[in-house]
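K.L.:
If you scroll down you'll find the structure; I have some questions about it.
The values are calculated or read from the model by the stated rules, or taken from the named source; none is laboratory data. Just so it is clear, the model here is predicted, and its values are computed rather than measured. Glycine gets a Cβ as well: all are built from the backbone with ideal geometry, and neighbour counts include every protein chain shown. For the accessible areas, the whole protein counts, side chains as well, though only heavy atoms, and no ligand, DNA or RNA atoms are used. Shrake-Rupley method; radii C 1.70, N 1.55, O 1.52, S 1.80 Å.
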Amino acid sequence: MIKNYLKTAWRNLVKNKVHSFINIVGLAVGMAVAMLIGLWIWDELSFDKFTSNYKHIAQVEQNVTNNGEVQTWGSVPYPLAAELRKSYGSDFKSVVLTAGHGDHMLAFNNKKLTRGGMFMEPQAPDMFSFDMLKGSMDALKDPTSLLISESTAKAYFGDDDPLGKTLKVDNQIIAKVAGVYKDMPQNSTFADLSFVGSWEMFAIANNIKGMSEPWRPNFCTLYVQMADNADMAAASVRIKDAKLRNVSAVLARKKPALFLEPMSKWHLYGDFKDGKNIGGRIQYIWMFAIIGVFVLLLACINFMNLSTARSEKRAKEVGIRKAIGSLRAQLIYQFFAESFLYVTLAFLLALLFVQLSLPFFNEVADKKMTILWDSPLFWVLTVGFSLLTGIIAGSYPAFYLSSFQPVKVLKGSFRVGRLAAIPRKVLVIVQFTVSVTLIIGTIVVFRQIQFAKDRPIGYSRDGLVTVPVITQDIHKSIEAVKEELFKSGAIASAAEGDVGPTETAGSTSAIEWRDKDPSLSVDFQQIGVGLDYGKTAGWQFVGGGRDFSKDFPTDTAAVVINEAAVKFMAMKNPLSENLTYYGHPFKIIGVVKDIIVDSPYGQVKPCVYFYNKTSTNTVLMRINPQVSAGAALANIDRVFKQFNPEQPFEYHFVDQDYAKKFGNEQRIGKLASFFASLAILISCLGLFGMASFMAEQRIKEIGVRKVLGASVFNLWRLLSIDFLGLVAISLIVASPIAWYLMHNWLQHFDYRSSISGWVFAATGLGTIIITLLTVSYQSIKAALANPIKSLKTE
């Protein structure tokens, strides 16, 4: 019986090639989109699950009150680790202090590379389930030891055994390799972790234990692993005031409140506002899951529409089958067999589409996903999902076509009638409603990105380059370095700084000013800069003021502030005012326009720039516009290697660093546009099939009209007007839905664009044009056909 069902289904598939092609390709595209989105969601939901302690690990974070608002910080002071062990030891199996997470220079003989790494306490490898290939997890108990990743070992030592070899970290710390661990997965918080040094190593190198106020700076990340019988939520409540009880009266104004953030929430629930979690990337999980469901539904709608549209052609088949004894259930099985045949072929084609599109998709999504060929769960899910697709796609045609009465069909009195077309029209409206909503959403996302890109940033990025400095060799010879660079003609200006213009070095609460409310807790961004930093960056001064200059020896006690700081302090004439910084008076010598150093979608925070002449982390340079970038960088490379041969030369263009701030939204926009394009493609495939069927169904009517003098234009309009009406209705339905969804999305940004009416008008016009282009081929083809061929049998 099953063999008969499949044989009949195959014959129908081969007989109706255009109809079959549209159904199979449409279903394949829909299924491919659903699979791609499924792989992306799986990758996101699997984030950090590489560790066996996933459900028991948390990060200690804090809510602090600053500048009149509650802020959430992921960093804490280093004595907090000892306090948690001492006062709350029964709650935690391990408490691990970490610091220095970022790029570091590792050197072995003449090989010097920059690698991401951090420094951790000895329990960290066991807590995070490091997959050790060589050495011991306990190696970090030795302050001189280092663990390196498998790829780092390969890069430095090739096939040689790395254990016992020595590496120089940041040109100042000598450490021996005591273990090699397998590279961390890309979908993890520690994806860039090429080495792990001991916390003691970091503490000694930076004289951490010599701090005068150890509870003041928040520069550490603290992780805990819960004890076997401990409750994370209850422990989170208990540790709330662990910091508050140990800080000074000034810092107590911030009302620091500690809490535990579970590892399961780090990636997907990373956004906080007013001290409360407001979600994060989880919103994109839901968004793309819904898109995947709807795009697949569009493909299923095509199948339903085209199958029921051909009902008159299959009516006699149904009538004859029933007349010779077929039960309705058997007919339903027959139509479901056809559906599953289409879905099976579409599934195989979808796997091919996914395999071919994964490189592009990974590049857009910044992932390294692969089809999980060897995973039983993958096959269970995909086969189950294909069966579900077959049921959804085949249900309406199966129950509708099997309901025909054989007497009416065989007497020739069966007619589908106008009401039978209503469900098809509704489904077409649903298709284009989804497609139009996706298009409007994509436009709004890209408009928001462009709106933020056009925001004034407070300096000029053209030709601006930063060179990170790991050792202080460049700082000690900075004037000679500048002289050589100017002599080569490579640069127009240069200056030192803690960070480049797109970053912030940290923040401080040690700021006081005249008329400040004594009870107010403040937090200003602080950035140390060298002479001529403002000139090099292109600061835009407001109301006079100046940059730090060697012509003014008193600039060691001077500051430059931004407009946000002036507004926050309510200063009417800031250039005549002083600030108190850690109890010392500092003269305000300039006010600059707000510079975006954090998110380009957020508010600019109050910032103070002070003259730092003792050290540097970055050299900022503006390339001479008269010299090519390649030639300028070659000269800069030569000069830096001359004065700092121990460090490999690296550089970053500031405009590229700034562009990275839009990376997440741009990826979401590209993915949304990709899926919106496929949704339109699927909808147009269905529309093409419907137009083909309608032209075939009305071929005699068209012939009569042509004989009676109807023009090609009149016939084209006749066949196209119905589809335009359906698209118009979908535009009316989709517009308020899209506005509501995108309006809510935009509320996540402080600096946001508006949703203009032209977005809806342009989307509507574009959709109408696409509809006309899709329908016109079949309409014009039918209008140009010779009427004699269609009427000669009458």
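K.L.:
Taking only the stretch 699-739 into account, find how many residues are under 21 Å from L685 (Cα atoms) and of a type in the set (F, W, Y).
P.N.:
Of the residues in that region, 2 qualify.
K.L.:
What number of residues within the stretch 543-569 are within 38 Å of the chain's Cα centre (by Cα) and loosely packed, with under 15 Cβ neighbours inside 10 Å?
P.N.:
The number of residues fulfilling the criteria is 1.
K.L.:
Could you please find all residues in the stretch 288-302 being touching a residue at least 12 places away in the same chain (Cβ under 8 Å) and either within 17 Å of A346 (Cβ to Cβ) or open to solvent by 60 Å² or more (accessible area, probe 1.4 Å) (or both)?
P.N.:
G292, V293, F294, V295, L296, L297, L298, A299, C300, I301, N302
K.L.:
Against the condition surrounded by fewer than 20 Cβ atoms within 10 Å (Cβ to Cβ), under 23 Å from N573 (Cα atoms), of a type in the set (S, T, N, Q) and touching a residue at least 60 places away in the same chain (Cβ under 8 Å), how does S509 come out, does it pass?
P.N.:
yes
K.L.:
Something else about it: Regarding R638, is this residue surrounded by fewer than 16 Cβ atoms within 10 Å (Cβ to Cβ) and not in a strand (DSSP E or B)? Lay out the reasoning, then the answer.
P.N.:
Working: surrounded by fewer than 16 Cβ atoms within 10 Å (Cβ to Cβ): yes; not in a strand (DSSP E or B): yes.
Judged against the criteria, R638 is a match.
K.L.:
State whether the residues of the stretch 572-581 include one that is of a type in the set (D, E, K, R) and open to solvent by 50 Å² or more (accessible area, probe 1.4 Å).
P.N.:
Initially, the stretch 572-581 is screened for residues of a type in the set (D, E, K, R), giving 572, 577.
With the extra rule that they be open to solvent by 50 Å² or more (accessible area, probe 1.4 Å), the set shrinks to 572.
The answer is yes; a qualifying residue exists.
K.L.:
Hey, any hits in the stretch 674-683 for a residue that's closer than 30 Å to Y459 by Cα, at pLDDT 85 or above and in contact with a helix residue (DSSP H, G or I) (Cβ under 8 Å, 6 or more places away or on another chain)?
P.N.:
Residues of the stretch 674-683 closer than 30 Å to Y459 by Cα: none.
No, every residue in the stretch 674-683 fails to be closer than 30 Å to Y459 by Cα, at pLDDT 85 or above and in contact with a helix residue (DSSP H, G or I) (Cβ under 8 Å, 6 or more places away or on another chain).
K.L.:
Among the residues of the stretch 651-658, are any under 35 Å from the mean Cα position of the chain (by Cα), open to solvent by less than 20 Å² (accessible area, probe 1.4 Å), touching a residue at least 24 places away in the same chain (Cβ under 8 Å) and more than 26 Å from V295 (Cβ to Cβ)?
P.N.:
yes
K.L.:
Mind counting the residues in the stretch 123-177 that are under 34 Å from the mean Cα position of the chain (by Cα) and β-branched (V, I, T)?
P.N.:
Going through the stretch 123-177 one residue at a time, the tally reaches 3.
K.L.:
Quick check on Y609: is it surrounded by fewer than 22 Cβ atoms within 10 Å (Cβ to Cβ) and either at positive phi or among the hydroxyl-bearing types (S, T, Y) (or both)?
P.N.:
In short, no.
K.L.:
Residues that are closer than 30 Å to Q666 by Cα: which strands (runs of 3 or more DSSP E) entirely in the stretch 511-619 hold 2 or more of them?
P.N.:
Correct list: 524-529.
K.L.:
State whether one or more residues within the stretch 151-172 are closer than 30 Å to A227 by Cβ, open to solvent by less than 70 Å² (accessible area, probe 1.4 Å) and not in a helix (DSSP H, G or I).
P.N.:
Within the stretch 151-172, the first condition is being closer than 30 Å to A227 by Cβ, and the residues that meet it are none.
Looking through the stretch 151-172, none of the residues is closer than 30 Å to A227 by Cβ, open to solvent by less than 70 Å² (accessible area, probe 1.4 Å) and not in a helix (DSSP H, G or I).
K.L.:
Return only the number of the condition from (1) within 29 Å of Q448 (Cα to Cα); (2) modelled with pLDDT under 90; (3) touching a strand residue (DSSP E or B) at 6+ places or on another chain (Cβ under 6 Å) that C607 does not satisfy.
P.N.:
Only one criterion in (1) within 29 Å of Q448 (Cα to Cα); (2) modelled with pLDDT under 90; (3) touching a strand residue (DSSP E or B) at 6+ places or on another chain (Cβ under 6 Å) is unmet by C607, namely (2).
K.L.:
Any idea which residue in the stretch 741-778 is modelled with the lowest pLDDT, counting only those that are of a type in the set (S, T, N, Q) and open to solvent by 50 Å² or more (accessible area, probe 1.4 Å)?
P.N.:
Q747
K.L.:
Restricting attention to the stretch 720-740, and to residues there that are polar (S, T, N, Q) and under 21 Å from V444 (Cα atoms), which single residue is modelled with the lowest pLDDT?
P.N.:
Applying the filter and picking the extreme gives S730.
K.L.:
Could you tell me which numbered condition V627 fails, if it satisfies all but one of (1) in a helix (DSSP H, G or I); (2) open to solvent by 40 Å² or more (accessible area, probe 1.4 Å)?
P.N.:
Going through (1) in a helix (DSSP H, G or I); (2) open to solvent by 40 Å² or more (accessible area, probe 1.4 Å) one by one, V627 breaks only (1).
K.L.:
If you take the residues in the stretch 108-134 that are among the charged types (D, E, K, R) and assigned to a strand (DSSP E or B), which one is farthest from T98 (Cα to Cα)?
P.N.:
Filtering first and then ranking leaves K111.
K.L.:
Could I ask something else about it? Limited to the stretch 463-476, what total is found for residues that are modelled with pLDDT under 90 and either among the polar types (S, T, N, Q) or touching a strand residue (DSSP E or B) at 6+ places or on another chain (Cβ under 8 Å) (or both)? Talk me through it step by step, then tell me what you get.
P.N.:
Within the stretch 463-476, the subset modelled with pLDDT under 90 is 468-476.
Checking the rest, the ones that are also either among the polar types (S, T, N, Q) or touching a strand residue (DSSP E or B) at 6+ places or on another chain (Cβ under 8 Å) (or both) come to 468-472, 474-475.
Residues flagged as modelled with pLDDT under 90 and either among the polar types (S, T, N, Q) or touching a strand residue (DSSP E or B) at 6+ places or on another chain (Cβ under 8 Å) (or both) within the stretch 463-476 amount to 7.
K.L.:
Can you name every residue in the stretch 220-259 that is assigned to a helix (DSSP H, G or I), more than 20 Å from L520 (Cα to Cα) and either open to solvent by 40 Å² or more (accessible area, probe 1.4 Å) or in contact with a helix residue (DSSP H, G or I) (Cβ under 6 Å, 6 or more places away or on another chain) (or both)?
P.N.:
A233, A235, V237, R238
K.L.:
Being more than 27 Å from D598 (Cβ to Cβ), touching a strand residue (DSSP E or B) at 6+ places or on another chain (Cβ under 9 Å) and crowded, with 21+ Cβ neighbours inside 10 Å is the requirement here; does I491 meet it?
P.N.:
Yes, satisfied.
K.L.:
Is one or more of the residues making up the stretch 662-672 of a type in the set (F, W, Y) and either open to solvent by 50 Å² or more (accessible area, probe 1.4 Å) or in contact with a Lys or Arg (Cβ under 6 Å, 6 or more places away or on another chain) (or both)? Please lay out each step first, then the result.
P.N.:
Step one: filter the stretch 662-672 for residues of a type in the set (F, W, Y), giving 662.
Now drop any that are not either open to solvent by 50 Å² or more (accessible area, probe 1.4 Å) or in contact with a Lys or Arg (Cβ under 6 Å, 6 or more places away or on another chain) (or both), which leaves none.
No, that holds for no residue.
K.L.:
So, one more: Name the single residue that is farthest from I588 (Cα to Cα) among those in the stretch 512-541 being at pLDDT 90 or above and β-branched (V, I, T).
P.N.:
Looking at the filtered set, the residue picked out is T536.
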